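Trainee: I have a structure I would like to understand better, so I am pasting it below and will then ask my questions one at a time.
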Amino acid sequence: MYNIKFRAKDRDNAKIWRYGYYVFHEKVTPCVIGEVEKKENEEHLLVFDGFSDWNLPKPWYKCDIDENTLGQYVNINDKNNIEIYAGDILKDEQDRDWLVYAAPGGFCVCRVEEWIETNGNPIICTGLSELQNVAWTHESCEVIGNIYDNPELMNRGM
C-alpha cells in the first residue's frame, strides 16, 4: 500500500515538525473584478489525528505550516527503518551524501555535490521508485538530517 503523508515545520513554532495530510486552502473565492492578495488568501495546512481512548471519537487537528519546508514521504525507509522524506540527506556506506528531492512524477536522489554544482538542477537523477533504488536505499543508506534543520550538511566534505 502506498502511504501518502507529508511533513513540514509548524508556522508558529519552527522547531516542531508536523506530520499528516497536506491541504492547500483558499480562504475566499477570488472575484474576477476585485483582487484578493494571493498570499493572504492562501492557507497551507497539515491535518492529522489526535488521541482518543478505546471506542471514543478520534479528533482531527490542523496546523498552519511553512509551505517552504513541505516534504512528502517517499514510501521508503532507510537501513534504520527511518522514514525518508523529500528534503532529507542520506549517507551511504562510502560516506557519500545524497539529497532526496521531489521531481515530476515521483522522487529522485542525487549527490549533494551535484545539487550544489548545478544550482538545484541535477542532470543525472536516480528515481526512488525503481526496485533497485529501494533496495539500495534500504540496505545501505541512512538519514543523517535534512536541508532545513541541517543546512551545514549540504557543505559536508566539500
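Trainee: Note down the net charge around residue 69, summing +1 for each Lys or Arg and -1 for each Asp or Glu among other residues with Cβ under 11 Å from its Cβ. Kindly include the intermediate steps, with their values, before the conclusion.
Mentor: Working: positive: 7, 9, 11, 18; negative: 10, 66, 67, 149.
Charge balance near residue 69 sits at 0.
Trainee: Pairing the Cα long axis of helix 131-140 with the longest principal axis of the chain, what angle in degrees results, from 0 to 90 and rounded to the nearest 10?
Mentor: 80
Trainee: Let me ask something additional. Counting Lys +1, Arg +1, Asp -1, Glu -1, what net charge surrounds residue 153 among other residues with beta carbon under 13 Å of its beta carbon? Display every interim value, and only then the final one.
Mentor: On the way: positive: 91, 96, 111, 156; negative: 88, 95, 97, 113, 142, 149, 152.
So the surrounding residues net to -3.
Trainee: Ok, one more. Among 148-155, 79-86, 51-58, how do they line up by average Cβ neighbours within 10 Å per residue, starting with the highest? All intermediate terms of the calculation are to be shown ahead of the outcome.
Mentor: Working: 148-155: 13.6, 79-86: 16.1, 51-58: 7.1.
Going from most to least packed, we get 79-86, 148-155, 51-58.
Trainee: Residues of the chain: accessible area per residue at 1.4 Å, in Å²? If you can, show how the numbers build up before the last one.
Mentor: Values: 10250 Å² over 158 residues.
Heavy-atom SASA per residue in the chain reads 65 Å².
Trainee: If we count every other residue with Cβ under 11 angstrom of residue 78's Cβ, Lys/Arg +1 and Asp/Glu -1, where does the sum land?
Mentor: Details: positive: 79, 91; negative: 83, 88, 92, 139, 142.
Local charge sum for residue 78: -3.
Trainee: GNM on the chain, C-alpha springs below 10 Å: top fluctuator among 24, 107, 48?
Mentor: The residue with the greatest mean-square fluctuation here is 24.
Trainee: So what are the ³J(HN,Hα) numbers for the stretch 20-26, from phi and the Karplus equation (6.51, -1.76, 1.60; θ = phi - 60°), rounded to whole Hz, Gly and Pro as x?
Mentor: Each residue's phi maps through the Karplus curve to give x, 9, 7, 10, 9, 9, 8 Hz.
Trainee: How would you order 5-11, 89-95, 63-69 from highest to lowest mean count of nearby Cβ atoms within 10 Å?
Mentor: Values: 5-11: 19.7, 89-95: 14.9, 63-69: 16.6.
Listed from highest to lowest mean packing, they are 5-11, 63-69, 89-95.
Trainee: Tell me, what is a quarter of the convex hull surface for the C-alpha atoms of the chain, in nm² with one decimal?
Mentor: Numbers: hull surface 52.2 nm².
Average projection, Cα convex hull of the chain: 13.0 nm².
Trainee: Modelled label-to-label distance, residue 58 and residue 24, 7 Å Cα→beta-carbon offset: nm?
Mentor: 2.7
The values are calculated or read from the model by the stated rules, or taken from the named source; none is laboratory data. Please read all numbers here as calculations on a predicted model, not as lab measurements. Note that we place each Cβ from the backbone using ideal geometry, even for glycine, and neighbour counts take in every protein chain shown. To get the accessible areas, we keep the full protein, side chains included, count just its heavy atoms, and leave off ligands, DNA and RNA. Shrake-Rupley method; radii C 1.70, N 1.55, O 1.52, S 1.80 Å.
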